[in-house]
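Have a look at the structure below, then the notes.
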């Protein structure tokens, strides 16, 4: 409970909607009575499925728990800088983790790239996307195009870069609906509130329904996702153990399983 109170306080200080945080923190320690032998991990929302599987493997191997809170990288950064008691941070980019280093909130020398992100254009309609970009140039094919907020989410920035690379950003910008993070953008599409949208490849990797186009990597700046051990985790051996587990072969296999490149 104390953990949740501290993060809510950090969210209020940062001007972040508490409801958004609560949705992202569904796996927070408030759901568990015992907070011994745990570490608190802030994790970019695109890594939700892979992160949960890695945390499960970590618990199975060590007997310790990693309690995960998900959100957009930008909002997690704001929470951390406002005192949220996270001990490990898995970002969706490199720049934010470098800012964490500059702010003096991390253990020096612990930043590393844990995954290389990829994006895809996805629709729940199996006939809408024909494994290419043609549908984006057909104004009659869709009314809404979902992307993550490019101001706070690296996957949103990659989506905008892709649209600009295709030379159609101006044509489609009035149809864009923005999710606060890539998870919300994907939900817009999956629930039919948007005919299609840009998703992390990891989100659709194991989905058989719908249609998609995996965006060529040269269409957007490489999404290097960095992790770092935060200063608050310096004296917690469970935080260090989870950080090391992220570099293990078991974690690497999970990361690749969900469509990420391994650095």
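Residue 183 meets the conditions (1) within 26 Å of residue 127 (Cβ to Cβ); (2) at pLDDT 95 or above; (3) in a helix (DSSP H, G or I) in every case but one. The failed one is (2). For region 104-123, the candidate set comprises residues that are assigned to a loop (DSSP other than H, G, I, E, B) and touching a helix residue (DSSP H, G or I) at 6+ places or on another chain (Cβ under 6 Å); within that set, the residue that is surrounded by the most Cβ atoms within 10 Å (Cβ to Cβ) is 118. Scanning region 76-92 turns up at least one residue that is under 26 Å from residue 199 (Cβ atoms), modelled with pLDDT under 95 and touching a helix residue (DSSP H, G or I) at 6+ places or on another chain (Cβ under 6 Å). Can you tell me which residue is surrounded by the most Cβ atoms within 10 Å (Cβ to Cβ) among those in region 230-251 that are in contact with a strand residue (DSSP E or B) (Cβ under 9 Å, 6 or more places away or on another chain) and closer than 12 Å to residue 114 by Cβ? Filtering region 230-251 for residues that are in contact with a strand residue (DSSP E or B) (Cβ under 9 Å, 6 or more places away or on another chain) and closer than 12 Å to residue 114 by Cβ, the one surrounded by the most Cβ atoms within 10 Å (Cβ to Cβ) comes out as 242. Within the bounds of region 186-193, is there any residue that is in the same structural domain as residue 105 (by TED's automatic domain parsing), touching a residue at least 40 places away in the same chain (Cβ under 8 Å), touching a helix residue (DSSP H, G or I) at 6+ places or on another chain (Cβ under 6 Å) and crowded, with 19+ Cβ neighbours inside 10 Å? Looking for residues that are in the same structural domain as residue 105 (by TED's automatic domain parsing), touching a residue at least 40 places away in the same chain (Cβ under 8 Å), touching a helix residue (DSSP H, G or I) at 6+ places or on another chain (Cβ under 6 Å) and crowded, with 19+ Cβ neighbours inside 10 Å, one finds none in region 186-193, hence no.
The values are calculated or read from the model by the stated rules, or taken from the named source; none is laboratory data. From a predicted model like this one, the values you see are computed outputs, not experimental measurements. We place every Cβ from the backbone using ideal geometry, glycine too, and count neighbours over all the protein chains shown.
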